[in-house]
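The values are calculated or read from the model by the stated rules, or taken from the named source; none is laboratory data. Predicted model only: the values in this text are computed from it and were never measured. With ideal geometry, Cβ positions are generated from the backbone for all residues, glycine too; neighbour counts draw on all protein chains shown.
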Amino acid sequence: MAEISRRKLFAYSGAVGAGGVAAGAVLPRASSAQTSEPAGSATSIANQRLPFYGAHQPGIAAPVQAQGWLTAFDLKPGSTVAQLRTRVRTLLRDWTSIAATTMAGRPLPSADDAMAYGRGPGALTVTVGVGASLLTKLGLGHQIPAALAPLPIFLGDEIDSASSDGDLALLVAANDGLVAVHALRAMQRRAAATTTQRWQTNGFGEAGGVMPSPTATSRNLMGQLDGTGNPKPGTAAFDQTVYVPSTGMPDWMRGGSYMVYRRIRMLLNTWDALDRRQQEVVIGRDKVTGAPLSGGTEFTAPDYEKFDSSGQLLIPPGSHIRQASAEFNSGATIYRRPFSYYNGVRGDGSPDAGLMFLAFQQNPAKGFTIIQQRLAGADTLSTFIRHEASGLFAMLPGCAKEGDYLGRALLEGV
Ligand code: HEM
């Protein structure tokens, strides 16, 4: 318990159990005897609860979650813009209510399918975003943030438009698949009358209990520690990288963030043909410890000017961390929060696997785009990956308090 409680975002379940019941929960919850089990036990996962209300949507800074689904929707045509705005307003109100209820581990007040009956929230988060196309359809073209300008086409892109973009994006993640899908299904059912689902993708992270410590860096399917160079949630550097500040424009995005989604396939068979040393040279870090090849431990700052005895740069010119680092990208920083995917094999027998790559930032033009423009041309890792789907969404500011709803400033402030 003590270990997990270091993740300050979680409210724990002495809290959850009692609070849930007081708030009218009817589902059976963990008994107090169960909640004294150690961190990482089944019970402690059931009781992980992230607060829904706050300045930011909690799914952005949430600790790594075991399962994640990203779904995009398009509005069905309506006869008038006013009608469409009303539809979106009621949809966002209802989504807000479903998100708040399921994240608290409570059953939905009506038509709950019981899919997660008796299950704890398992760190469930529901994060909602809008695409530029939604604002155009709602007659709010003048409210489209400059930061939502379409991403350029990058060298090597093989983007499938049918599984890219969309009017609305929904990221549902939890430490349990059933709990996540319960919330997702409820939101999909609610959206069905006024939207069509454009695409859906899913991935997985590591469940807290499997990692050496609750704050350890996750591994990806290439076997690397992925996330070392990220700004850390809870720090000023994180807030400055990720969230639109209180003075930012447009005002309806203050406290929100821009999410770039890329489905990046890993050519794992080609990658596996490299030996460990070759793989480390591609990234610029030790595969096991995550330490930069210039020396030290995982969190030692890379020394990009250090040479070996034969005069070679220890972190090679084409290595991923050199090409991606803020130092060589005019200070551009992003917060990467990927999920892995592994969906069987393609026609040629090679794995359909990779990263459901999510990058959060204040403005993609000063973050993802600058970095990706460089990576696409100069990163050795490009040989082993393919960008196959893409999306850019304005992830709404948090819902400050009960009675409020996600997107209110957008829909009522205009
Ligand atoms: C399948 C694709 C990718 C893989 C496997 C991958 C893997 C990694 C790994 C292992 C690291 C070093 C550890 C860390 O700091 O997390 C890293 C760092 C980084 N990656 Fe990637 N990455 C991928 C795609 C991307 C993309 C598309 C971008 C942005 C456009 C990006 C941006 C970064 C940044 C900014 C860092 C930190 C660099 C620093 O230390 O300053 N990566 N990535």
Can you tell me which of (1) surrounded by 22 or more Cβ atoms within 10 Å (Cβ to Cβ); (2) closer than 22 Å to Val242 by Cβ; (3) touching a residue at least 60 places away in the same chain (Cβ under 8 Å); (4) in contact with a helix residue (DSSP H, G or I) (Cβ under 9 Å, 6 or more places away or on another chain) is the one Leu134 doesn't meet? (3)
Which condition does Asn202 not pass, out of (1) in contact with a helix residue (DSSP H, G or I) (Cβ under 8 Å, 6 or more places away or on another chain); (2) under 20 Å from Leu50 (Cβ atoms); (3) not in a helix (DSSP H, G or I), if it passes all the others? (1)
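Listed here are the residues, each with its yes/no results for (1) surrounded by 22 or more Cβ atoms within 10 Å (Cβ to Cβ); (2) within 14 Å of Gly229 (Cα to Cα); (3) aromatic (Phe, Trp, Tyr).
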residue: Leu274; (1), (2), (3): no, no, no
residue: Gly295; (1), (2), (3): no, no, no
residue: Glu298; (1), (2), (3): no, yes, no
residue: Pro302; (1), (2), (3): yes, yes, no
residue: Ala326; (1), (2), (3): no, yes, no
Of these, Ile315, Ile264, which one is part of a loop (DSSP other than H, G, I, E, B) and within 13 Å of the ligand (Cβ to nearest atom)? Ile315
Does at least one position in the range 163-184 carry a residue that is modelled with pLDDT of 95 or more, in a loop (DSSP other than H, G, I, E, B) and surrounded by fewer than 19 Cβ atoms within 10 Å (Cβ to Cβ)? no
Can you run down the residue pairs with Cβ atoms below 6 Å, 6 or more apart or on separate chains, where the first is in the range 361-380 and β-branched (Val, Ile, Thr) and the partner is outside any helix (DSSP H, G or I)? Ile370/Asn329; Ile370/Ala332; Ile371/Asn329; Ile371/Ala332; Thr380/Gly318
Looking at (1) within 13 Å of the ligand (Cβ to nearest atom); (2) within 27 Å of Tyr243 (Cα to Cα); (3) surrounded by fewer than 19 Cβ atoms within 10 Å (Cβ to Cβ); (4) more than 23 Å from the chain's Cα centre (by Cα), which one does Gly377 not meet, given that it meets all the others? (2)
Counted residues in the range 380-406 being more than 12 Å from the ligand (Cβ to nearest atom), part of a strand (DSSP E or B) and under 22 Å from Asn230 (Cα atoms) come to 5
